[in-house]
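Visitor: Encoded as structure tokens, here's the structure I'll be asking about.
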Amino acid sequence: MKKMLITMLAVLAGTLAKAQTMPEILSDRHAMLRLQQNSKLILLPVQESEEIASIAVLDSRNEMVQRLNVKLAVDRVDYFVPYSLKGARLMDIEFRGERRQKGAMKDFACWKEMKYADTFDTTNREHFRPAYHHTPLYGWMNDPNGMFYKDGVWHLYYQWNPYGSQWENMTWGHSTSRDLIHWEAQPTAIEADWLGSIFSGSCVTNGQDVVAFYTSAGHHQTQSMAVSKDGGKTFTKFSGNPVLTSDAPDFRDPKVFWNEQARLWNMVLAVGQEMQIFSSKDLKAWRYESSFGKEYGNHGGVWECPDLFPLTVGKQGGDTKWVLLCNINPGGPFGGSATQYFVGQFDGHKFTCESMPKVTKWLDYGKDHYATVSFYNAPDNRRVVLAWMSNWQYANQVPTQQFRSANSVPRDLGLFQHGEETYVSVVPSKEMDAVRGEKLKKPTETCEIVVDMKSSAEIVLSNTKGEQVVMTYDAQKQEFSMDRTKSGSVNFSEAFPCTTVAPTYGHMKQLRLFIDRCSIEAFAADGKMAMTNLVFPSEPYNMIKVKGGKAVVYDVKK
């Protein structure tokens, strides 16, 4: 009898738990879900092949506190995403897509699999998650945002979707580091409001305050501001938002910096296929100064994520020139997104490019290097940048689900001259030297490979499955190429298998390769060539063959 009673109670408890996640069906597209209040989180089941469900979250006063777009599971569950129940009472859910093909809403997998919990497990479940590159604990990530250095800490904000591993629900995620390699996840920094989603932007330090500028992406794209009094952990949005508006449909990604020479604040904005420059004395009132971009460089797509900063040519004592970074999508040298740049002069009001209009310069010649921006206030007058390590052609389809996308290794920029042109040099930041470990006999999934070459060379990374990446340096043509057509999983997108080619602007004597599970970043040791490509091998590349050079493999300390 006692055993039967226990069994009946267990069945009843299971029935109640299930009933607590069953919705009130209002139509074939519309449901309401009343939320429990005895847990901290509700875990929402996601199916990536489904259409987006629009979820309005209401509080106890029936006021909407948040709107989410989530691909709620219909047939199967790919993974779960957490939603905090603090202040949430009801979810008003509207499904999209053709419901007649999906069956009755009451039978959707999301209702059967929804869970309440006090914690969310972020333990890595992904074979391809990088070991020494920054990634979000879960969810989608694209552009790095608002990066700054203060009191020994590097702050990285990023475009983040906490409610799925594909692009949507843009907020600013936040991570911090003391060495640019090991990152600690922080609470969400800036969330969407009724002006719109939180798109890309920048941060400056102004005394003890950290001031963030970002694009509010609603019916129109406008520029907003928020202030942090606690070193960048939490932000209060400016009551006068938006601080800048326009009738242009693409008006975004504010990069703000203090211009010591002109004694004013500058803002650079991406507006369609040009960059617009503004100035301010107080960070609140902005004055239009000039535009740059007409007929200059590549115009194969929309210009995005600008940055503008001075660099010195060569070593100390060289001429100072200004570099305007211009990320473009599409229009990259091998399709999709990429980072181009311009070199010239800037007086706080107008940028003047020193090259002819049709000259196009690329910061990285791989497929997977985009949205490059620099840290504000980096120490020792360094110009340190990070990039989003993916490509809009296939970023939503790469073979991971717990998370999608990583940032590149940190890189320091400089200038060098070749012929009549000035180019930006790119080298791994010195922090990468600090994690170089012991010599290894063969490559591993997380290693650095240094190849010394006297002339032309071929480097082949491979595994026992026959998957390989072939890199070739042609000394006569002064070109470096990387072929990933047989690198492993390549069929998730027609745009993924490819060979990328880069000029080396002279003879390359040493090549540095950084391998981290799903990526290969190649650098000429002198900084005159950089190439970043994703790879998804079914097993790590554990063999290397070099013709025309000698390779040394190093462990990378995690």
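The values are calculated or read from the model by the stated rules, or taken from the named source; none is laboratory data. Please read these numbers as outputs of a predicted model, since none were measured by experiment. Glycine gets a Cβ as well: all are built from the backbone with ideal geometry, and neighbour counts include every protein chain shown. Heavy atoms of the whole protein, side chains included, go into the accessibility calculation; ligands, DNA and RNA do not. Shrake-Rupley method; radii C 1.70, N 1.55, O 1.52, S 1.80 Å.
Visitor: Can you compute 3J(HN,Hα) from phi for each residue in segment 387-402, using the Karplus curve 6.51 cos²θ - 1.76 cosθ + 1.60 with θ = phi - 60°, rounded to whole Hz and x for Gly and Pro?
Guide: Per residue, the Karplus-derived 3J(HN,Hα) values read 10, 6, 9, 6, 9, 4, 5, 8, 4, 6, 10, 4, x, 9, 9, 4 Hz.
Visitor: Of the trypsin sites (Lys or Arg not before Pro) in segment 404-470, which ones lie in a loop per DSSP and count no more than 14 other C-beta atoms within 10 Å?
Guide: Values: sites: 404, 411, 430, 436, 439, 441, 454, 465; in loops: 441, 465.
In loop regions of segment 404-470 (DSSP not H, G, I, E or B), the sparsely surrounded trypsin sites (Lys or Arg not before Pro) are 441, 465.
Visitor: With all protein chains present, calculate the accessible area of residue 543 using a 1.4 Å probe and round the result to the nearest 10 Å².
Guide: Accessible area, nearest 10 Å²: 80 Å².
Visitor: With a ≥ b ≥ c taken as the square roots of the eigenvalues of the C-alpha gyration tensor of segment 210-262, please select rounded if a/c is under 1.5 and otherwise prolate if a/b is larger than b/c or oblate if it is not?
Guide: Working: a/c = 2.44, a/b = 1.30, b/c = 1.87.
Verdict is oblate for segment 210-262.
Visitor: Rounded to two decimals, what is the ratio between the C-alpha radius of gyration of segment 166-247 and 2.2 N^0.38 Å? Mind dumping the intermediate values first?
Guide: Numbers: Rg = 13.3 Å, N = 82, 2.2 N^0.38 = 11.7 Å.
Normalised Rg, Cα atoms only: 1.13.
Visitor: Would you kindly calculate the translational diffusion coefficient of segment 91-208, applying Stokes-Einstein with the Kirkwood radius from alpha carbon pairs, for 20 °C and a viscosity of 1.002 mPa s, and quote it in µm² s⁻¹ without decimals? Present the calculation step by step, with values, prior to reporting the outcome.
Guide: On the way: Rh = 17.0 Å.
After rounding, the answer is 126 µm²/s.
Visitor: Just to verify a number: FRET efficiency for residue 526 and residue 486, C-beta to C-beta distance, R0 = 22 Å, to 0.05? Can you show the working numbers first?
Guide: Numbers: r = 30 Å, r/R0 = 1.35.
That pair, residue 526 with residue 486, gives E of 0.15.
Visitor: Could you state the accessible area per residue of segment 371-448 in Å², with a 1.4 Å probe and every protein chain left in place? Please report the intermediate quantities before stating the final value.
Guide: Values: 2940 Å² over 78 residues.
Roughly 38 Å² per residue, with all protein chains present.
Visitor: Another question about this same structure. Across segment 276-291, in residue order, what do the Karplus-derived ³J(HN,Hα) couplings come to in whole Hz, using 6.51 cos²θ - 1.76 cosθ + 1.60 with θ = phi - 60° and x for Gly and Pro?
Guide: So the Karplus estimates, Gly and Pro as x, are 10, 10, 10, 9, 7, 9, 10, 6, 10, 9, 10, 10, 5, 10, 6, 10 Hz.
Visitor: Subtracting the Cα-Cα distance from 0.36 nm times the residue separation, let me have the gained length for residue 477 to residue 539 in nm, one decimal.
Guide: 19.0 nm
Visitor: One quarter of the convex hull surface, Cα atoms only: what value does that give for segment 173-298 in nm²?
Guide: About 9.4 nm², averaged over all directions.
Visitor: In the structure displayed, which of 233/321; 430/545; 86/237; 321/509 lie more than 23 Å apart, Cα to Cα?
Guide: Violating the 23 Å limit, Cα to Cα: 233/321; 430/545; 321/509.
Visitor: Would you calculate the separation in nanometres between label points at residue 39 and residue 509, each defined as 7 Å from the Cα along the Cα-to-beta-carbon direction?
Guide: Result for the modelled spin labels: 6.2 nm.
Visitor: Do any trypsin sites (Lys or Arg not before Pro) in segment 271-303 lie in a loop, going by DSSP, with at most 16 other beta-carbon atoms within 10 Å of their beta carbon, and if so which?
Guide: Qualifying residues, ordered by number: 281, 284, 294.
Visitor: Near the amide H of residue 145, under 5 Å away, which other amide H atoms are found, from residues 5 or more places off or on another chain, if H is placed in the peptide plane?
Guide: For residue 145, the qualifying residues are 157, 158, 159.
Visitor: Would you please classify the overall shape of segment 457-516 from the alpha carbon gyration tensor, given that a ≥ b ≥ c denote the square roots of the eigenvalues, rounded means a/c under 1.5, and beyond that prolate means a/b larger than b/c while oblate covers the rest?
Guide: Verdict is prolate for segment 457-516.
Visitor: Would you mind computing, in nm to one decimal, how far apart the modelled labels at residue 236 and residue 460 are, each placed 7 Å from Cα along Cα→Cβ?
Guide: With each label point 7 Å from Cα toward Cβ, the separation is 6.4 nm.
Visitor: Something else: Accessible area of the chain with a 1.4 Å probe: how many percent of it is carbon plus sulfur?
Guide: Working: 11940 of 24060 Å².
The value for the chain is 50 percent carbon and sulfur by accessible area.
Visitor: Name the residues whose placed amide hydrogens come within less than 5 Å of the amide hydrogen of residue 418, ignoring near sequence neighbours (fewer than 5 apart) on the same chain.
Guide: Amide H neighbours of residue 418: 423.
Visitor: Quick one: go through segment 220-241 and flag any residue whose amide nitrogen is under 20 Å from the point 7 Å out along the Cα-to-Cβ line of residue 285.
Guide: It comes to 223-226, 238-241, nothing else.
Visitor: First check a/c for segment 356-433, with a ≥ b ≥ c the square roots of the eigenvalues of its C-alpha gyration tensor; if it is under 1.5, answer rounded, and if not, answer prolate when a/b is larger than b/c or oblate otherwise.
Guide: Because a/c hits 1.5 or more and a/b fails to exceed b/c, segment 356-433 counts as oblate.
Visitor: List the residues of segment 389-417 whose backbone N lies under 17 Å from a point placed 7 Å from the Cα of residue 436 along the Cα-to-Cβ direction.
Guide: Zone members listed by number: 409-412.
Visitor: Hey, what do the phi angles of segment 466-475 turn into as Karplus ³J(HN,Hα) couplings, whole Hz, using 6.51/-1.76/1.60 and θ = phi - 60°, x for Gly and Pro?
Guide: x, 7, 7, 10, 10, 10, 10, 10, 9, 5
Visitor: With N denoting the number of residues in segment 239-343, provide Rg(C-alpha) divided by 2.2 N^0.38 Å, to two decimal places.
Guide: Working: Rg = 14.9 Å, N = 105, 2.2 N^0.38 = 12.9 Å.
Dividing the Cα Rg of segment 239-343 by 2.2 N^0.38 Å gives 1.16.
Visitor: Separate question: Collect residues whose amide H, placed 1.01 Å from N in the peptide plane, falls under 5 Å from the amide H of residue 365; neighbours closer than 5 in sequence don't count.
Guide: Under 5 Å from the amide H of residue 365: 530, 531, 532.
Visitor: On to the next question. Select from segment 181-241 those chymotrypsin sites (Phe, Trp or Tyr not before Pro) which occupy a DSSP coil region and have at most 15 other Cβ atoms within 10 Å, ordered by residue number.
Guide: On the way: sites: 183, 194, 199, 213, 214, 235, 238; in loops: 183, 194, 235, 238.
The qualifying sites are 194.
Visitor: Say R0 is 35 Å: what FRET efficiency, to the nearest 0.05, do residue 186 and residue 96 get from their beta-carbon distance?
Guide: It comes out at approximately 0.60.
Visitor: For a quick check of understanding: with a 1.4 angstrom probe and all protein chains in place, what accessible area in square angstrom does residue 365 have, to the nearest ten?
Guide: 30
Visitor: At what distance in nm do the modelled label points of residue 120 and residue 356 sit from each other, each positioned 7 Å from its Cα along Cα→Cβ?
Guide: Each label point is offset 7 Å from its Cα along the Cβ direction, giving 5.3 nm.
Visitor: Let me ask another. Could you grab the Rg to Rh ratio for the chain? Cα atoms only, Kirkwood for Rh.
Guide: With Rg and the Kirkwood Rh in hand, the quotient comes to 1.00.
Visitor: Okay, helix-only estimate at 222 nm for the chain: each DSSP H run of n ≥ 4 adds -39500 (n - 2.57), divide by all residues, round to 500 deg cm²/dmol; what do you get? Please list the in-between numbers first.
Guide: Numbers: 3 runs with 28 residues, N = 558.
-1500 deg cm²/dmol, from helical runs alone.
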